[in-house]
1. Over the chain, what is the relative contact order in whole percent, taking alpha-carbon pairs under 8 Å and six or more residues apart?
2. Averaging sequence separations of C-alpha pairs under 8 Å and six or more residues apart, then dividing by the length of segment 357-443, give the relative contact order as a whole percent.
3. Among Asn394, Asn161, Asn51, which one moves the most in a GNM of the chain with springs linking Cα atoms closer than 10 Å?
4. I need to check one value: relative contact order of segment 95-216, counting alpha carbon pairs closer than 8 Å and at least 6 residues apart, in percent.
5. Counting only Cα, what are the radius of gyration and maximum Cα-Cα distance Dmax of segment 183-230, in Å?
6. Quick one: order Ile39, Ile209 by neighbouring beta-carbon count within 10 Å, fewest to most.
7. Can you give the charge dipole size of segment 27-102 about its Cα centre, rounded to the nearest 20 debye, using +1 on the beta carbon of Lys and Arg and -1 on the beta carbon of Asp and Glu?
8. Provide the gained length on full extension for the span Arg369 to Glu392, in nm with one decimal, where the gain is 0.36 nm per separating residue minus the Cα-Cα distance.
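Nothing in this text is a laboratory measurement; each read-out follows from the coordinates by a stated rule. Values in this document were obtained by computation on a predicted structure and should not be read as measured data. Backbone-built Cβ (ideal geometry, glycine too); neighbour counts: all protein chains shown.
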Amino acid sequence: MRPQLDRRQFLIGSTAGLSTCLLSPLLAEPVRRPRVAAIFTVFRFRSHVFNLLENFFKPYLFRGKLVDPGVEVVSMYADQFPEGDMARDVSKRFHIPLCPTIEDALTLGTGGLAVDAVLSVVEHGEYPTNSRGVVMYPRKEFFDQAVRVMQRSNCFVPFFNDKHLSYRWDWSKEMYDVARSCGIPLMAGSSVPLGQRRPGLELPPNADIEEAVAVHGGGIEVYDFHGFELLQSFVEARRGGETGIASVEFLTGEALARAAASGRWSRELAQAAMQAEVSMSEQPRGLNKSNGPAVPDMEPSHGLLLTYRDGLRATVLKVGGSANRWNLACRLKGDPKIQATAVFNGPWGNRNFFKALSHSAQHFFRERRAPYPVERTLLASGVLDAAMWSRELNGQRICTPNLEWSYSPTDFSAFRESGASWQVLTRDTPEVKVFEPGDAGIK
């Protein structure tokens with residue numbers, strides 16, 4: 001049986017389950033900023049929590065304007081303290097308690113839930129790796145500990161989970177189900193779909209997409225996740241709506257080349273996606289510019305081949321080694337022109353993606369409603385789990401009846417960076433390498 005996940009029912013359930021213990025103070029004090037507990041693995045330069053929290057203390061750039069965060073970080077929890085740790089210094093300088101446990105970060109010594117939202121950033125740090133080569137980040141463990149505090153207090157607040165829900169599908173689904181049953185507004189996902197598109201590709205409503213290819217230049221699993229979410233952020237609004245994924249394959253080398261030769265994924269689309277990157281800038285990063293801008297050798301090292309339940313074919317490819325590579329191309333039925341774009345992260349690379357992600361998370365905390373469906377990330381979690389099984393089984397196709405379900409997309413264009421910020425923060429702006437929140441001082 002396929003679970004049918006209805007977006008409207010999810011939102012209604014999330015709203016209906018809210019406790020009045022936090023709503024009453026908010027109604028009585030409408031100007032009070034939501035109090036946020038930031039729980040994370042490690043806090044060092046360019047870690048995900050660094051990139052997020054630098055936009056949580058002071059006004060930061062989004063779409064070319066300084067935006068007030070509208071929330072207040074009132075507690076922190078760090079799971080590890082590696083060399084270069086910044087958590088202790090930030091706690092001291094900004095007078096934010098660095099708590100010994102997640103429970104303490106959520107209760108602040110009161111015995112009950114004392115925050116209005118949770119920012120969970122479980123990425124980076126030293127954690128075990130499973131047999132498939134995947135780091136077993138404790139995202140579900142962080143979620144479970146936070147939920148226990150909410151359940152004990154009978155108060156349920158928005159929970160933001162950076163990246164995918166878990167490296168295991170069953171745990172990802174459990175997190176989703178628990179959030180629904182408790183009425184916990186849940187947001188998760190990648191920062192990449194929120195970046196500036198160059199060119200500004202907007203597919204027509206209910207586009208009839210025949211095939212799509214996303215290209216990234218990063219590592220197995222960790223960047224495959226971002227590549228898939230970029231892909232899914234385009235195809236989820238196709239004609240007929242999202243109906244789920246029937247199978248996933250992880251292919252490399254000759255097997256991937258044979259799949260292209262037999263028409264199972266399109267080199268033409270992949271080339272168009274790479275050409276969009278070249279066209280994005282006169283000096284694109286990570287490309288061979290000895291003879292002027294040119295598409296690099298188009299031979300991906302691995303690919304995720306996805307067969308959707310409605311027949312859509314889609315592929316996530318890893319090409320080269322540029323961490324700044326985020327490209328997409330697709331073909332629409334009856335249209336000979338390939339639609340392609342490259343996502344520009346910003347003058348400081350992927351760090352700049354987090355301005356739009358911060359903006360989205362802060363909106364989520366204030367409005368208690370995610371700007372785009374968490375089901376996208378639930379699907380991504382299942383795809384990655386299946387892809388890593390396929391990889392372990394030498395490219396065997398993994399049938400995924402657990403991923404054959406539907407959800408409704410939302411228009412999240414207002415939460416994407418328009419590119420106006422990069423007219424203020426430019427390639428000539430020296431990258432700040434210490435934790436100094438806010439962009440008001442940028443000249």
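1. Relative contact order for the chain comes out at 23 percent.
2. The normalised contact order for segment 357-443 reaches 26 percent.
3. Ranking Asn394, Asn161, Asn51 by mean-square fluctuation puts Asn394 first.
4. Relative contact order here is 21 percent.
5. 13.6, 39
6. Ile209, Ile39
7. 260 debye
8. Full extension of this stretch gives 4.5 nm more.
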